[in-house]
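Report on the following structure.
The values are calculated or read from the model by the stated rules, or taken from the named source; none is laboratory data. On a predicted model such as this, the values are computed, not experimentally measured, just so you know. Heads up, the Cβs are rebuilt from the backbone with ideal geometry, glycines too, and the neighbour counts pull from every protein chain shown.
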Amino acid sequence: MKRPLIAIAGLSVLALVVVILPFTVSNYLLRLTTIAFMYIALASSWNIVGGFTGYPSFATAAFFGIGAYASGILRTTGSLSLPVVWLAGATAATIFSLMVGPAILRLRGHYFAVASLVLAAVLREITNAATVLTGGGMGLNLPTAGVVNVDAQTRVYYVSMLIAAVLTVSLAALIWRSRLGWAMRCIEQNEDAAIVLGINTLATKILGFAVSAGTAGLVGAIYATWIGYIDPTDAFDDLLSVKPIIMAFIGGVGTVLGPVAGAIIFLVLEEFVWRNVLNFHAGILGIIIVALLVFMPGGLGSVGRGIVKLRNYWRASRRGEIRAAAPPAVPS
Amino acid sequence: MLYVQILINGILLGGLYACIAVGFSLVWGVLNVINILHGSFIVLGAYLAFFAYTKLGVHPYLFAPIAAFVLFVLGYAVQLTVINRVLEAPVLVTLTTTFGLALLLDNLMLVAFAANFRKVSLNPPLGIIDLSDWFPSLDLIVPVDRLASMLFALLFVSLLYWLLRHTVVGRAIVAVRMDRYAATLMGVDTVKVFALTFALGAALAGAAGALLSPIFPISPLAGTNYLGKAFVICVLGGLGSVSGALVGGLALGILESFGALFLGPEHSLTLSFTVLIMLLIFRPNGIMGKRGFV
Amino acid sequence: MSLRNLRPVVSAVPGASHLRIAVLAAVSVLMAPGSMTCGYTAELPIRIGAPLPLTGALSPEGVKLQQGYELWKDTVNATGGIAVGTVKRPIEIVYYDYQSATPKAVQLAEKLATDDKVDFMFSPFGSGASKAASTVSERYGIPTLAPTASSSEVYDQGYKNLFGTFTANDTLSEPMADIVKAKAPNAKRVAILARNDLYPLALGQEFEKSSKKRGLEVVYFEKYAINTLDHASALTEIKAAKPDWIIATGYINDMILIRKQMADLGIKAQIVTMINAPAYQEFIDATGPLADNVTSATWWHPAVRYESKDAFGSSAKYTELFQKKFNALPDFTNATGSAVGAVLQMAIERAGSVDRDKVRETLVKGGFDTFFGPLSFNGVGQAISYVPPVLQIQNGKPVVIYPEVIKGADLQLGVR
């Protein structure tokens, strides 16, 4: 890791803040921070597949939704405790990824992107149709945890999402340092060369997919019990697949801490925009996405480059040359 | 007789689907960009046709070329300013960029037009052709507006085919799709070709929107539905292949119609998406078999 | 200025000097006793939380509800506010946009309860979201009025804080079935196409029950997925089953599409009932001549004639006020938005306080004469006290055909 001192200092400050928070601030801020943890976990989870291996996955919504419904169904039919239900959600999502992974991970590029995107759509329709089990379009109401004290409840979920986030980022860090991570980076750079090197690319990809699924499923499971109501359109929302990607982009795709920073920045932006612009927040999110991807595809690290690009574009348009760069010499 | 009617429904629906998908397929095949904006372009074309009809009395079918032109200009502008900058980036970036643009366009339309559903109610209505009027034993009905859209779909596809095969511009587009670097070497202005292709895709979307305005209710929220269908059709028919969009559209229309009959209407969407996944896994090049060039 | 208003002022001034804060604190402390006296200084407003889908798929409905709330608020605030004992307190409605996503509606309800600390709440739109958010109301003990919750499933959690203005779904199907039996005696076969969603499906099931009860044969009953773009197969099957009475439930765009495709396939029936779209002008505009003779039922219509003791005085007055403010006739969604306000106001005035327990008890007792109709609630909070009118589109205009007292015309049979 570059700049270790800054990173350690930043992490320590964050850790301190995180621990003190439940004792000081309002429930609203606590809830907001819980969402921050959720975003961190999802961004980091996506990063394992999308960042490390470079496979454009849009499957986060699918895993999230499975986790949410698994925990939801178990909570309404049985009387299992929260941690058991959460684990079940993570497991269900992992099993699902192991079922579809071998099939769709053979695809590359666009085909993989479309296949992963469509997973959520298929699951949404199946959930809608399986009314007896899932309540279908009517949604699922989860029983509350029995602890009616609001303050305690908020803190319970604060801690659980925090654990989910820490778990995901730690797994990402572990993978990054391991041979698995190395194999993933090889695949990201040049998959065919990786195969030549003797890496079992399919197994590597499946493993990464499974870890990503498990963590996203865990987050979904906690989310369902937290909100107390889920329905197919919200549990398998496409935005759940896109937002973690944006967050990872903001912070730096393929790094361990990049998604963390990106998630926090994204949440701050989202909250600020939503509070102030009542009926145009989707549009503003769109503008942010486009600006980000066009001018700063490297995330925070390339802010400098992005500014240079803007300046060049401005100069070029002043000179009357609004043309983009010619295609590079080397085929990608 | 029931099955024949369902088949007719499926074919007509397939024509509509082909209208929706042909522009999407073109952009995906040539620029290698999954254009999430496509659904929103269709909706915009439909809105333009709606207002042209209700305020100016222009028939949507007559308005279609105008809608196509407006969207052509818009598409050209969008491509030059935004898409061009991310053209060389991996699919993740391009897909997410068009997603962001779609969010923006949908929200703009929501603010401008409100989410109330509109539809063009043709006066006088085009009506239906009842086959039992001529052949009393054939109890089959064909709605004229869907038939017209089907014919237009064939028209679009043929025009596009002719354009790609027999005009210089078209050959340039195909050349760029085959190998963009080689095309540059041959003196083709790829930047212009990309902009042109994207604009063409948008124009097709706009025309489709105008044709669909008497058939489907219009709202900024309807764009994603069209997009979902376009995805499935492109994969079904073969990516980048214009005739593939037609074949894929027909196949999907028939599949959905019979699927709704045998499995129940609540499963028709599940069916199409499941088919999509199966195809992606087992036969990514679709029914046409190869990544067609025209 | 009360102490409660101090916090945002301070946070808006980052790095405020201690002196500034001290001065502000001193001033507000001095002002505080002022708000205790009656009549002279501005009264503390009564705050009502209202999560609404202002963007997203349900935004047309969200906007309509908001119009209803605003009309009520403005009408009442013009007279000084709601009378609580001897004091009149103005109304303040706290809006949040939950973007048509139910989990977000629940989160926002929680926010309104715990952070904004509203006194009362209005439910979000629709049966599904109302049910989900009612858990929050119950947890915090906040009396909540649901303007758009008709399915009995919403009220089956045994909660004490939920009160809805819509009568149950069977009050839409039963009168309609009676009319069919009376006016179309040779109608025997019924086909039902329902959207796979809480309210439309529940409604479809009620129609099935009502039909069967009267000896009609339900020859077709299927559900269609949300976002279905093509109903041709279902409608072709329906056509083959030769029904006399076709019932379709779903959202506005579904109804527009289904009606169009019915005409596309040449389906004719004696009676076609669609719920709730024909009550909206949008539907009539979008379907044009095809809307004629389509029947529907709705919980309120400008044609009803109720005299009331609420802020509006009568349904005719309400319609007039709405037209003046928004330049359009109110539909039932606008009206129910105003109705929840009217009921809450009457309950507060009767209880003589904004104490939640007292207001809740008053709500339970019922007996509110509003412009929307007389409102009383059953044991689980659903309205049971009025008959929703049945209407039919005749010559491009909705006409009430039931109940007899406000009837505008008779049922016309035969839909092209």
**Asked** Are any of the residues in the range C:375-384 under 17 Å from the mean Cα position of the chain (by Cα), surrounded by fewer than 17 Cβ atoms within 10 Å (Cβ to Cβ) and among the β-branched types (Val, Ile, Thr)?
**Response** yes
Checked A:225, A:201, A:168 against criteria (surrounded by 17 or more Cβ atoms within 10 Å (Cβ to Cβ), within 14 Å of chain C (Cβ to nearest Cβ) and of a type outside the set (D, E, K, R)); the one match is A:225
Of the listed residues (C:202, C:279), the one being closer than 18 Å to residue C:127 by Cβ, more than 7 Å from chain B (Cβ to nearest Cβ), in contact with a Phe, Trp or Tyr (Cβ under 7 Å, 6 or more places away or on another chain) and touching a residue at least 40 places away in the same chain (Cβ under 8 Å) is C:279
Residue C:160: passes all of (1) part of a loop (DSSP other than H, G, I, E, B); (2) in contact (Cβ under 8 Å) with a residue 40 or more places away in the chain; (3) within 13 Å of chain A (Cβ to nearest Cβ) but (3)
* Asked: Out of curiosity, is residue C:288 within 14 Å of chain B (Cβ to nearest Cβ) and on the phi > 0 side of the Ramachandran plot?
  -> yes
How many residues of the range C:271-307 are of a type in the set (S, T, N, Q), under 20 Å from residue C:65 (Cβ atoms) and part of a loop (DSSP other than H, G, I, E, B)? The answer is 2
Among residues of the range B:229-251 being touching a residue at least 60 places away in the same chain (Cβ under 8 Å) and of a type outside the set (A, V, I, L, M, F, W, C), the residue nearest to the other protein chains (Cβ to nearest Cβ) is B:229
* Asked: Given the structure, is residue B:107 within 12 Å of chain A (Cβ to nearest Cβ) and closer than 27 Å to residue C:256 by Cβ?
  -> yes
Counting only residues that are part of a helix (DSSP H, G or I) and crowded, with 24+ Cβ neighbours inside 10 Å, the range A:40-81 contains a total of 27
Screening B:165, B:177 for residues that are buried (at least 21 other Cβ atoms within 10 Å of the Cβ), among the basic types (Lys, Arg) and more than 14 Å from chain C (Cβ to nearest Cβ) leaves only B:177
Expected single match for over 24 Å from residue A:100 (Cα atoms), hydrophobic (A, V, I, L, M, F, W, C) and at pLDDT below 95 among A:173, A:194, A:183, A:203 is A:173
Q.
For the structure I just gave you, tell me whether residue B:230 is crowded, with 17+ Cβ neighbours inside 10 Å and at pLDDT below 90.
A. yes
Suppose the filter is more than 28 Å from residue B:31 (Cβ to Cβ), touching a residue at least 12 places away in the same chain (Cβ under 8 Å) and in contact with a Phe, Trp or Tyr (Cβ under 8 Å, 6 or more places away or on another chain); does residue B:47 pass it? no
Q) Taking the stated definitions as given, is residue A:256 modelled with pLDDT of 85 or more, surrounded by 17 or more Cβ atoms within 10 Å (Cβ to Cβ), of a type outside the set (Asp, Glu) and not in a helix (DSSP H, G or I)? A) yes
Could you go through the range A:90-112 and let me know if any residue there is part of a helix (DSSP H, G or I), in the same structural domain as residue A:201 (by TED's automatic domain parsing) and within 27 Å of residue C:135 (Cα to Cα). yes
Quiz prompt | Check on residue B:65, surrounded by fewer than 24 Cβ atoms within 10 Å (Cβ to Cβ) and either more than 8 Å from every other protein chain (Cβ to nearest Cβ) or touching a strand residue (DSSP E or B) at 6+ places or on another chain (Cβ under 6 Å) (or both) | solution = yes
The range C:53-145: strands (runs of 3 or more DSSP E) wholly inside it with 3 or more residues that are among the hydrophobic types (A, V, I, L, M, F, W, C) are C:82-84, C:91-97, C:120-122
Per the filter on the range A:122-137, residues within 23 Å of residue A:210 (Cβ to Cβ) and either more than 7 Å from every other protein chain (Cβ to nearest Cβ) or crowded, with 24+ Cβ neighbours inside 10 Å (or both) are A:123, A:124, A:127
Per the filter on the range C:341-356, residues without any contact (Cβ under 8 Å) to a residue 40 or more places away in the chain, more than 21 Å from residue C:386 (Cβ to Cβ) and not hydrophobic (A, V, I, L, M, F, W, C) are C:355
message: Given the criteria out of contact with any Phe, Trp or Tyr (no Cβ under 7 Å at 6 or more places or on another chain) and closer than 21 Å to residue A:173 by Cα, does residue A:54 qualify?
response: yes
Among residues of the range C:220-252 being within 14 Å of chain B (Cβ to nearest Cβ) and assigned to a strand (DSSP E or B), the residue nearest to the chain's Cα centre (by Cα) is C:249
* Somewhere in the range A:149-159, is a residue over 21 Å from the mean Cα position of the chain (by Cα), buried (at least 16 other Cβ atoms within 10 Å of the Cβ) and within 11 Å of another protein chain (Cβ to nearest Cβ)? -> yes
- Query: Is there a residue in the range A:48-57 that is at positive phi and under 21 Å from the mean Cα position of the chain (by Cα)?
  - Reply: yes
Of B:7, B:26, B:44, B:48, the only residue that is within 13 Å of chain C (Cβ to nearest Cβ), aliphatic (A, V, I, L, M) and in contact with a helix residue (DSSP H, G or I) (Cβ under 9 Å, 6 or more places away or on another chain) is B:7
When restricted to B:120, B:86, the only residue away from chain A (no Cβ under 14 Å) and either in contact with a Leu (Cβ under 9 Å, 6 or more places away or on another chain) or at negative phi (or both) is B:120
- [ ] Could you tell me whether the range B:123-133 includes any residue that is touching a residue at least 24 places away in the same chain (Cβ under 8 Å) and more than 9 Å from every other protein chain (Cβ to nearest Cβ)?
- [x] yes
Taking first residues from the range C:236-247 that are assigned by TED's automatic domain parsing to the domain that holds residue C:266 and second residues anywhere that are outside any helix (DSSP H, G or I) and of a type in the set (D, E, K, R), the pairs with Cβ under 8 Å that are 6 or more apart or on different chains are C:237/C:222; C:241/C:189; C:242/C:189; C:243/C:189; C:244/C:188; C:244/C:189; C:245/C:189
Exactly one of B:194, B:152, B:156, B:135 is of a type outside the set (Ser, Thr, Tyr), at pLDDT 85 or above and not in a strand (DSSP E or B), and that residue is B:194
Out of (1) at pLDDT 85 or above; (2) more than 18 Å from the chain's Cα centre (by Cα); (3) more than 10 Å from every other protein chain (Cβ to nearest Cβ), the one residue A:287 does not meet is (3)
